[in-house]
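Heads up, the thing below is written out as structure tokens.
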Amino acid sequence: MPDLIPPLNNSSFVYHVLRYTSDLVRDEWVNIGVIVFDPLTGALRLRLVEEQDEYARVRRLQPAADEDVLRGFRDELEDQFSTYLRNRRAELDSTPDVGEALRMLIENWNNTLSNGLQLAPQKGVHADDLDAELDRLYTEHVAPPRKVSRVGAPGSRAAIRDYCSQVWKTAKLWDRIQKSVRVGEFTFPGDPMRIDYSYRRNGTRGYVQTLSVSRAPADCKLYAYTAARIAARAPFASEFAAVTDVALLPGNERHRFVRDTLRDAGIEPIGMDHFATWVPKLKPTIQ
């Protein structure tokens, strides 16, 4: 097999699109993720489908698609990625050739993928920010096409999350928080839910989830249940917040339902318009 990370001439980063097919006979593939990395520093990012509308798109294009298989693969790949990051930090001084370490990692992934999964050919791209480029490539190659919304239309969770991510980055906390945190260890094995962000401060682990009150107000019950399970089972103190697409108005019955459900579970509701002032207050204490 040829090297997956050949010398680059005019590219800042390297990326692969991850493809999936549920029927090898038809040889029809759908994009389900992106891996992008810097071969000079060893920094690597990956993102795979996780929202229901993304899985729905995969099923439309691949009716026989197995969502459990896709979720399991995502978890496995993230585990391997986490192991790579730990090893890179531990061996940074003794392994200066990070390009070779990345080559071996990607080659191993490519050799161990199931028959229905494959990495598209490697490509190079000019960019200044690895996270921003990951988001751009994911939007371009994987995310469901977004219809142009009318002015004032309620935001989706994806739109809220994009805004929140920018706030974390502006506050220079992006590399100090966890993203897309699994909750199965606190609820039940196989739980597909993930919490958008997590941080640690003063011996406490905090969780922040985005909620679209305009589109899916009932999602607050799922988050409330999950927060209760984490609080009861985690070996550390926990705190929770929910970023909502709209401010929760006392005179709106639906808003009161969301607010009361969250507060009863010990979750602090934060409107998007206040998130940019909420995050800086955490900054001095985040580890």
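So how far, in whole Å, is the C-alpha centre of the stretch 164-187 from the one of the stretch 14-86?
20 Å
For a paramagnetic label modelled at 7 Å from the Cα of Gln52 toward its Cβ, which residues of the stretch 214-237 fall within the zone defined by backbone nitrogen distances under 16 Å?
Backbone N within reach: 214-226.
Would you calculate a helix-derived [θ] at 222 nm for the chain, using -39,500 (n - 2.57) for each DSSP H run of n ≥ 4 and dividing by the full residue count, to the nearest 500?
Estimated from H runs of four or more residues: -12500 deg cm²/dmol.
If you take the Cα atoms of the chain, find Rg, then find the Kirkwood Rh from the mean of 1/r over all pairs, what is Rg/Rh?
Working: Rg = 20.1 Å, Rh = 20.7 Å.
We get a ratio of 0.97 for the chain.
Among 237-243, 122-128, 22-28, what's the highest-first ranking by average C-beta atoms within 10 angstrom per residue?
Numbers: 237-243: 19.7, 122-128: 13.6, 22-28: 11.0.
Those peptides, ordered most packed to least, come out 237-243, 122-128, 22-28.
Which value in nm describes the separation of the simple spin-label points at Ala132 and Val69, placed 7 Å from the Cα toward the beta carbon?
In this crude spin-label approximation the distance works out to 3.8 nm.
7 Å from Cα along Cα→Cβ at both Lys169 and Ala276: what's the point-to-point distance in nm?
1.5 nm
With labels modelled as points extended 7 Å from the Cα through the Cβ direction, what inter-label distance (nm, one decimal) is found for Met193 paired with Arg215?
Spacing of the two 7 Å Cα→Cβ label points: 1.9 nm.
May I ask for the angle, rounded to the nearest 10°, between helix 98-112 and the longest principal axis of the chain, with both axes built from Cα atoms and the value confined to 0 to 90°?
90 degrees
If I fit a long axis through the Cα atoms of helix 219-233 and take the longest principal axis of the Cα atoms of the chain, what angle between them do I get, 0 to 90°, rounded to 10?
Relative to the chain, helix 219-233 is tipped by roughly 80 degrees.
Eight or more residues apart or on different chains, and alpha-carbon atoms under 30 Å: count the Lys pairs in the chain matching that.
Qualifying lysine pairs in the chain: 18.
Every number here is computed from the coordinates shown, using simple stated rules; none is lab data. What you are looking at is a predicted structure, and each value in this text was computed from that prediction instead of being measured. Ideal geometry is used to build each Cβ from the backbone, glycine not excepted, and the neighbour counts take in all protein chains shown.
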